[in-house]
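Okay, here's the structure, questions in a sec.
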Amino acid sequence: MSDVEERTYRVDLMTRVEGEGRFVLSMKDGQVVDAALSIFEAPRFFEAFLRGRGAEETVDIVARICGICPVAYQVSASRALEQAFGVTLTEPVRALRRLLYCGEWIESHALHVFMLHAPDFLGYPSAVEMAADHRAVVEQGLRLKKAGNAILEQLGGRATHPVSPRIGGFHRAPRKGELAALREQIARGLDECLETVRWAAGLDAPDFTQPYVFVALDDTRYPLESGDRILVSDRDPVSVDDWGETIDEHQVPHSNALQARLPGGVAYLSGPMARLHFHAERLHPVAAEVMREVGLGRSEQNPYRSIVVRAVEMAHAFAEARDILDAYVEPEPPFVKSAPRAGVGFGASEAPRGLLWHRYEVDAEGLIRDARIVPPTSQNQARIEEDLRGLGPTLAAMPHADATHLCEQLIRAYDPCISCATHFLDLRIEEGA
């Protein structure tokens, strides 16, 4: 019998995420020798689909990349094409776009916090089983998600793949009177969301920290729908225009999705914890106050605690949405007209799960000649692998079921959207000597 102890932790099918992926962690004598997050969902070729299509079509097409965060794709694409065409939005249109983005943050964060991640903390395989013992928690999550969907429906025409957003703004803007019921729903949701932050902060999170390099969009406000440069921990800011040349986006042999790293092969973290790290002082006062109340620091290093950060961001989105509704001025017209011209445009926004970057090259007729889209999950994949490597020594000393749960909980902390990255978790431990 060999004295060398080898273990393979194999995650064959991930659940409570969007898409299909697996993870394999190999260890020898308590040391990690290999870790791979494999995205085996088929490539979807959206960038190729866009070539030869009209710029206006692009905003609708890219929404189909994701059913959870379609607005993020529409906004990043719109910003890139607006830059290419020299379009500057009016303030009422900008406010309406930010309100739409708030709706997406609310519905996406509520889905993740309550339905995808909370079962890990409370010991249930899914939200369905969790509802049997925690009905009030699940119903609260559904109400909050419904409030976010109501914003998308009112502004975008429907909750999934909205049809009103376009280059320069919206095909139609709602009348002020149409928003009265929505305002009441958002105000009620804000109160419930503050309770959600307190509840999430009380969940028992595993003790695990990592030294993160944070990456987030910069803006004069807490970043959602706009920003012209990207902040990176301990490095100079990078222009949105230069981000594609700054990162090393490459194919890895074990995945159908590209991975992105900073120069030097550095894995980085994008998403709620990164945004809070750079922009805590820009939170809405209501969200900042509840953050202080629960003792959440701006530079959270424990990925399992990201559920609390997401809840704080959800409170921020509710509070901003309420304020925008109170100050609403109907854009007239609802969009800024543009004329096609040859050029290149870059656009980025903060999808619920992280930075989403687009680049488009268009010809004089406004047809797409080339497209490049770098979604949040592909940017976070390398960091997920690094986290699981860091978790490896802890797993080696744990029983099978506990190790399975810890791996699942860690990966889902990122709220990965695997389908976005391809341009349920059952862990088997094979032990041998």
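The values are calculated or read from the model by the stated rules, or taken from the named source; none is laboratory data. In this text the structure is predicted, and so the values were computed from the model without any measurement. No Cβ is skipped: glycine too gets one built from the backbone with ideal geometry, and neighbour counts run over all protein chains shown.
Do any residues in the range 146-166 that are more than 18 Å from Lys176 (Cα to Cα) have Cβ atoms under 6 Å from those of residues that are in a loop (DSSP other than H, G, I, E, B) and at pLDDT below 95, where the two are at least six apart or on different chains, and which pairs are they?
Pairs found: Asn149/Ala159; Thr160/Gly67; Val163/Gly157.
In addition: For the range 163-200, which residues satisfy the criterion of being touching a Gly at 6+ places or on another chain (Cβ under 7 Å) and surrounded by 19 or more Cβ atoms within 10 Å (Cβ to Cβ)? Write out each step before concluding.
First pass over the range 163-200, keeping only residues touching a Gly at 6+ places or on another chain (Cβ under 7 Å): 163-165.
Selection gives Ser164, Pro165.
Now, a different point. Is one or more of the residues making up the range 54-67 crowded, with 19+ Cβ neighbours inside 10 Å, modelled with pLDDT under 90 and either assigned by TED's automatic domain parsing to the domain that holds Arg310 or farther than 22 Å from Gly168 by Cα (or both)?
Within the range 54-67, one or more residues are crowded, with 19+ Cβ neighbours inside 10 Å, modelled with pLDDT under 90 and either assigned by TED's automatic domain parsing to the domain that holds Arg310 or farther than 22 Å from Gly168 by Cα (or both).
Here's a follow-up. Any residue at all in the range 411-419 that's at pLDDT 90 or above, in contact with a strand residue (DSSP E or B) (Cβ under 8 Å, 6 or more places away or on another chain) and assigned to a loop (DSSP other than H, G, I, E, B)?
No: the range 411-419 contains no residue that is at pLDDT 90 or above, in contact with a strand residue (DSSP E or B) (Cβ under 8 Å, 6 or more places away or on another chain) and assigned to a loop (DSSP other than H, G, I, E, B).
Looking at Ile167, Ile106, can you tell me which residue is β-branched (Val, Ile, Thr), closer than 25 Å to Gly354 by Cα and more than 21 Å from the chain's Cα centre (by Cα)?
Ile167
What strands (runs of 3 or more DSSP E) lie completely within the range 315-389 and have 3 or more residues being among the small types (Gly, Ala, Ser)?
Qualifying strands (runs of 3 or more DSSP E): 343-351.
A further question on this structure: Find the helices (runs of 4 or more DSSP H) located wholly in the range 127-219 whose residues include 2 or more that are among the small types (Gly, Ala, Ser), assigned by TED's automatic domain parsing to the domain that holds His279 and over 22 Å from His112 (Cα atoms), and list them. First the steps, then the outcome.
Details: elements: 127-133, 135-156, 180-201.
Hits in the range 127-219: 180-201.
Residue pairs, Cβ under 6 Å, 6 or more apart or interchain, first in the range 257-272 and outside the structural domain of Ile411 (by TED's automatic domain parsing), second among the aromatic types (Phe, Trp, Tyr) and buried (at least 18 other Cβ atoms within 10 Å of the Cβ). List them.
The qualifying pairs are Leu262/Tyr268; Leu269/Tyr212; Leu269/Phe214.
Also: So the check is Cβ under 9 Å with 6+ separation or different chains; which pairs have a first residue in the range 77-103 that's not assigned by TED's automatic domain parsing to the domain that holds Arg172 and a second one that's part of a helix (DSSP H, G or I)?
Sorted first by the residue in the range 77-103, then by its partner, the list stays empty.
Could you list, ordered by first residue, the pairs with Cβ atoms under 7 Å in which the first is in the range 390-406 and closer than 23 Å to Pro211 by Cα and the second is among the small types (Gly, Ala, Ser), at least 6 apart or interchain?
Pro393/Gly30; Leu395/Ala403; Ala396/Gly30
Can you tell me how many residues within the range 170-204 are more than 21 Å from the chain's Cα centre (by Cα) and under 15 Å from Pro303 (Cα atoms)?
Residues meeting the conditions: 2.
Let me ask you something else. Go through the range 132-162 and report how many residues are at pLDDT below 95 and surrounded by fewer than 22 Cβ atoms within 10 Å (Cβ to Cβ).
5
In the range 109-150, what count of residues is obtained for those that are over 18 Å from the mean Cα position of the chain (by Cα) and of a type in the set (A, V, I, L, M, F, W, C)?
13
What are the pairs with Cβ atoms under 8 angstrom where one residue, in the range 293-316, is assigned by TED's automatic domain parsing to the domain that holds Leu99 and surrounded by fewer than 24 Cβ atoms within 10 Å (Cβ to Cβ) and the other, located anywhere, is at pLDDT below 95 and in a helix (DSSP H, G or I)? Sequence gap at least six, or different chains.
These pairs meet every condition: Tyr304/Gln409; Tyr304/Leu410; Tyr304/Ala413.
Another question, then. Right, Gly86: under 20 Å from Pro174 (Cα atoms) and over 13 Å from the mean Cα position of the chain (by Cα) or not?
Taking the combined requirement at face value, the residue does not satisfy it.
Which of the residues spanning the range 50-108 are outside any helix (DSSP H, G or I), touching a strand residue (DSSP E or B) at 6+ places or on another chain (Cβ under 8 Å) and under 19 Å from Val374 (Cβ atoms)?
Scanning the range 50-108 gives Arg51, Ile65, Cys66, Ile68, Cys69.
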